[in-house]
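The values are calculated or read from the model by the stated rules, or taken from the named source; none is laboratory data. Note that the coordinates shown come from a computational prediction; the quantities given were computed from them, not determined experimentally. Virtual Cβ from ideal backbone geometry, glycine too; neighbours counted across all protein chains shown. In case anyone asks, the SASA skips ligands and DNA or RNA and just uses the protein heavy atoms, side chains included. Shrake-Rupley method; radii C 1.70, N 1.55, O 1.52, S 1.80 Å.
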Protein chains: 2
Amino acid sequence: MAVGLGPLPTLHPVPGFELGIASAGIKRPGRKDVVIMRCAEGSRVAGVTTTNAFCAAPVIVTRERMHGLVRYLLTNTGNANAGTGPQGLADARHTCAALAAITGVDETAVLPFSTGVIGEPLPVQKIEAALQAALDDLSPDHWAEAATGIMTTDTLPKGASRQFQHDGVTVTVTGISKGAGMIRPNMATMLGYIATDAKVAGSVLQDLVRDAANKSFNRITIDGDTSTNDCCMLIATGQAALPEITEATGELFGKLRQAVLDVFMEVAQAIVRDGEGATKFVTVQVNGGGNHQECLDVAYAVAHSPLIKTALFASDPNWGRILAAVGYAGVPNLDVSKIDVFLGEVCIASQGGRSPSYTEEQGAAVMAREEITIRIELGRGDCSETIWTTDLSHEYVKINAEYRT
Amino acid sequence: MAVGLGPLPTLHPVPGFELGIASAGIKRPGRKDVVIMRCAEGSRVAGVTTTNAFCAAPVIVTRERMHGLVRYLLTNTGNANAGTGPQGLADARHTCAALAAITGVDETAVLPFSTGVIGEPLPVQKIEAALQAALDDLSPDHWAEAATGIMTTDTLPKGASRQFQHDGVTVTVTGISKGAGMIRPNMATMLGYIATDAKVAGSVLQDLVRDAANKSFNRITIDGDTSTNDCCMLIATGQAALPEITEATGELFGKLRQAVLDVFMEVAQAIVRDGEGATKFVTVQVNGGGNHQECLDVAYAVAHSPLIKTALFASDPNWGRILAAVGYAGVPNLDVSKIDVFLGEVCIASQGGRSPSYTEEQGAAVMAREEITIRIELGRGDCSETIWTTDLSHEYVKINAEYRT
C-alpha cells in the first residue's frame, strides 16, 4: 500500500563505510536479520534517539558511546530488546563485546541497535553466531541489502543518496531507514543511518544531525506514538580529500547541509509513505504562526485527529473537522476570523467558516489525489512548520488489532 | 454496540422544570428535532461550554446569557449552526427571540443549543414553525422524550436520576445527555442538561457545575477531538421547600453535590458506552502522580494511543504499548523503574518491564471483558486521576469514513 514509493534509487557507496548482512534466525529461519556497518578509523558519529522515557537497552548503550570513537554499528531485527530491564542492558553490551572481540576494537567502539518485539529476551547466542557471516559480507556496495536487512513490517526498503562537487572532489551522502507504524504493536520502530565521506568535526556533526532530524524524522507522524527504540545516526568517515568542516558556515558546509537534509527528508518521508495501512501521503503546512510551537501544535492536532484521518481515507473534503482541530489545538487567543484553510490550491475555509467561493466538487477533486496538502494560514505572525502524515484506514485497524493473532 | 448501556432508568420529574419536543423536519421529515425546556421563574442556571476556539454560534449566545434570568432552553438537532459566521449568530438570536415573543419573556431569557451538521445555515423558519408544538408538549414527565429528542447518531437515549431526603423534603436531580463520537464527522456533539429542584445561589451553582463537569464530562474521551458545540448545563429551580444553598458547605450541600456528581457521571459515562464503534468501556486510572496534570497527561496518552485502542478492540493484553505510551506522555524525569501497570487486578508490568508473575493467560482473561480498567502506578506522589474511553474498532473507521457517503 506504499504511497508513491518505488524501488530503491541508486545508493552511491560512501568511501570508508561498509555494510554486511547475515541471518541469525531470530524470528524466522533464513531471514537476514543482522546488519553490521563498519566505519573507517577516524570516522565521527552523531545521533538523535527517542525521547520516550521507556527507552530500549540498546538506545541507552548507544547514547553512552556515540560521541566516542565508533567503528561498528550492530543492528538486529525481530527483537527490540525493550522492556527487558537490567538483563537487556547486559545483553546489548554482550553482543557488542562479542563483535569487538572478533574485530579487535574496543567494545565501546560498537553501537547496538535493535528493532522488533518488545519484552522478550534478546537471543544473544543467535546474534553472536551470525556476526562472522555479516563481517564476511561487508562491502561499500551493500546499501540496498542493508536497507532490506533492517526492515521489519515495512513493505518496501527505503533509501536515498545525493552527491555534490566541491573543489573538484565528489562528496556523497547516502542513507537508509525503516519504519512502518511509529510503533508497531510490539515493534519498536524507527531507525535511520545516513553516512557521508565528508570530514566533519564532532560538534558540527551533532548540530547537523539534530537540525536535519528536526526537519525530517521529527516532523513525521503516523499515529502519534513515539517508539522506545527510535534512533537516527549520521556518520562522517572523513575519506573525501577535503578540509575538515569545523564550523557551521561556508560553501562546503552549505552544500553538505543541503545534501544531508535532502537524504534525511527522503528517507523520513518514505517511512510515512509506507505507513501502516496508508493510502494517502499528507502534508500539513501551518503558516502565519506567532511562534514555531503554536504552528506545530496546530499541525499535530490536525495530523492526529482520527476524524480528519478517516475523512482523508474516505477522500471526504470535510472542512468542518479541520476547523474544529485547529480550534482545539490550544493556541492562546486564537482569532478564528483570521484563519484560512486550503486543501491543495483550493481555499475551503476562511474567516472561521466555509469559504464563499468553495464548492464540494473542488474539494473532492483534491481529496481524490494520493498526495494531499492541507495548508492552514493562522494570520498571527511569520512562523511556519510542515509535517507529514497518513490517513487512518480499515487496514491500520486490521494490522494493529490482529498483529499478534 | 453500546457497552453496558440499557434502557433509560426511571427519570424522576424535577418540580419547576418541564420539557417538550416537536418535529421541525430539519434533516428528516417527522424526526422530533426540537426540544424546549422551561424553568420556573426564579431558577438559576450555570454551565460549562466547549474550549474549542471555533465555538458554534449558539454557544456564544448561551455564554452571554446563562448567568442572567433564564426561562427557556431551546435545542435543535440536525444542524450545529457552527462555522456559520455572523449569519449563524443572527440566526441563533432570531430563534430565541421568536420563542420569547410567543411566551412573553425577555429574549435574553432564552438559551440556544444546536447539534448536527457543521457549516450549513440554520433552518430558522422550520425551527420557529415548530416552537408552538414543542410548547404545547411541555410536561415535567417528558424527560425520556427529551433524551430521545436531543439524540443525533447516538444509538440509545441517555439519562440518570437521583433523589435524596433532607429535613423530610425530597430533592431530585435528573439529567440527560447526548454524544456519540466526541465530534461526529460533521456532527458537533456533546450536550448535557441536568436539573434539580434545590435552591442554589448562582456562584455556588457555577462552581458545582464546573466541579462536576471536570470529574465527568471533562474526563471522557473517545477520539481526542473536542467539539465546537459542547455544552453542559445545570439548572436549579428552587422549588424544593428548603433554604437556599449559599455556600459550598453543610449537610444539604454535601447531599446535593453527591447526587449531582452521580448524575453527571452516569450520563457522561453513557456517552462513552455509546461511543462510535465502541466494543469496550475502558477506565484509565493513574495513581501516585506528583501532580494532577501529570496524571492526566499519562491517562490521555494511554486513552488516545491508537495502538492501545486497537489492542483493546482485539482483546490483546499488549503491555508494551501501554508502557510506551506512559513513556512518551511527557512527564519530566520519569523514573520507569518505579512504575507498575495493572490490567484489572493483574499486574502486567513492573519496574519498567514485564511483571515476573505475569502470564499471557491472565492478561487475556481481563481483556476478554467488556469493561476493562487500566491502572498505572507512577510512584511519584499522592495525586490520582481517572478518565474513561473506548477502543478503536473497524466500525469507528467505517462510521467516520463513510458518514457523508
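Computed from backbone phi with θ = phi - 60° and the Karplus coefficients 6.51, -1.76 and 1.60, the 3J(HN,Hα) list for the range B:90-96 is 4, 5, 4, 5, 5, 5, 5 Hz; x is used for glycine and proline. Between the DSSP loop rule and a limit of at most 16 other Cβ atoms within 10 Å, which GluC sites (Glu not before Pro) in the range A:290-374 are left? The qualifying sites are A:Glu345, A:Glu370. Rg and Dmax of the range A:281-401, both derived from C-alpha coordinates alone, stand at 13.8, 42 Å. Starting from the Cα gyration tensor of the protein assembly as shown, multiply each eigenvalue by 5, take the square root, and state the resulting semi-axes largest first in whole Å. After diagonalising the Cα gyration tensor, the semi-axes are 55, 29, 21 Å.
Let a ≥ b ≥ c be the square roots of the eigenvalues of the Cα gyration tensor of the range B:356-397; is it rounded (a/c under 1.5), or, if not, prolate (a/b larger than b/c) or oblate? It is oblate, given that a/c is not under 1.5 and a/b is not larger than b/c.
Under a Gaussian network description of chain A, with springs only between Cα atoms under 10 Å, the residue in A:Val34, A:Val336, A:Val171 that fluctuates furthest is A:Val336.
Pairs from the table (A:Lys398/B:Lys309; A:Lys32/A:Lys280; A:Lys280/B:Lys398; A:Lys27/A:Lys178; B:Lys199/B:Lys255; B:Lys178/B:Lys280) lying more than 21 angstrom apart at Cα are A:Lys32/A:Lys280.
Summed over qualifying helices (DSSP H, 4 residues or more, each -39500 (n - 2.57)) and divided by its residue number, the protein assembly as shown shows a 222 nm mean residue ellipticity of -10000 deg cm²/dmol.
Here the relative contact order of the range B:307-405, from alpha carbon pairs under 8 Å that lie six or more residues apart, stands at 31 percent. Of the peptides A:109-116, B:209-216, the ranking by mean beta-carbon count within 10 Å, highest at the top, reads A:109-116, B:209-216. Spread over its residues, the convex hull of the C-alpha atoms of the range B:244-318 is 143 Å³ per residue. Shielding value for A:311-319 is 5, the average number of Cβ atoms from other chains within 10 Å of each residue's Cβ.
Against the main long axis of the alpha-carbon atoms of chain A, helix A:202-215 sits at an angle near 40°. For the range A:233-242, backbone phi angles converted through the Karplus equation (6.51, -1.76, 1.60; θ = phi - 60°) give residue-by-residue couplings of 10, 10, 10, 10, 7, x, 7, 5, 7, 9 Hz, Gly and Pro being listed as x. Helix A:292-304 and the longest principal axis of the Cα set of chain A meet at an angle near 90°.
One Cα centroid belongs to the range B:303-331, the other to the range B:141-155; the line between them spans 34 Å.
Amide H to amide H, with H built 1.01 Å from N, A:Thr228 comes under 5 Å of A:Thr189, counting only residues 5 or more places away or on other chains. DSSP finds beta bridges in the range A:17-273, and of those with both partners inside it, around 70 percent are antiparallel. The other copies place their B:Ala368 label points at 5.0 nm from this one, listed shortest first, where each point is 7 Å from Cα along Cα→Cβ.
For B:His166, the residues 5 or more places off, or on other chains, whose built amide H falls under 5 Å of its own are B:Val171. In the assembly of identical copies, B:Val169 has its label point, taken 7 Å from Cα in the direction of the beta carbon, separated from the corresponding points by 9.1 nm (ascending, one decimal). Mean partner shielding of peptide B:116-123, defined as the number of other chain Cβ atoms within 10 Å of each residue Cβ, is 2.
So what J values fall out for the range A:216-221 if you push phi through Karplus, 6.51 cos²θ - 1.76 cosθ + 1.60 with θ = phi - 60°, rounded to Hz, Gly and Pro as x? In residue order, the calculated couplings are 10, 4, 8, 10, 10, 8 Hz.
Name the long-range amide H neighbours of B:Ser114: under 5 Å, sequence gap of 5 or more, or other chain; modelled H, no Pro or chain starts. Hits under the 5 Å cutoff: B:Asn76. Between B:Glu361 and A:Glu370, the distance separating the two model label sites (each 7 Å from Cα on the Cα→Cβ line) works out to 4.9 nm.
Helix A:251-273 and the longest principal axis of the Cα set of chain A meet at an angle near 70°. Computed from Cα atoms alone, the Kirkwood hydrodynamic radius reported for the range B:163-322 is 17.4 Å. Given the range B:190-251 reduced to its alpha-carbon atoms as identical point scatterers, what log10 I(q)/I(0) does the Debye formula return at q = 0.30 Å⁻¹? Cα-only, vacuum Debye calculation for the range B:190-251: -1.35. Charged neighbours of A:Cys96, selected by a Cβ distance under 13 Å, balance to -2 (K, R count +1; D, E count -1). Looking at chain A, the pairs of alpha carbons with a distance over 26 Å make up 54% of the total.
Provide the percentage of antiparallel DSSP beta bridges, counting only those with both residues in the protein assembly as shown; round to the nearest 5. For the protein assembly as shown, the DSSP antiparallel bridge percentage is about 70. For the segment B:389-401, counting C-beta atoms of other chains within 10 Å of every residue's C-beta and taking the mean gives 5. Normalised per residue, the accessible area of the protein assembly as shown is 34 Å², obtained with a 1.4 Å probe and no contribution from ligands, DNA or RNA.
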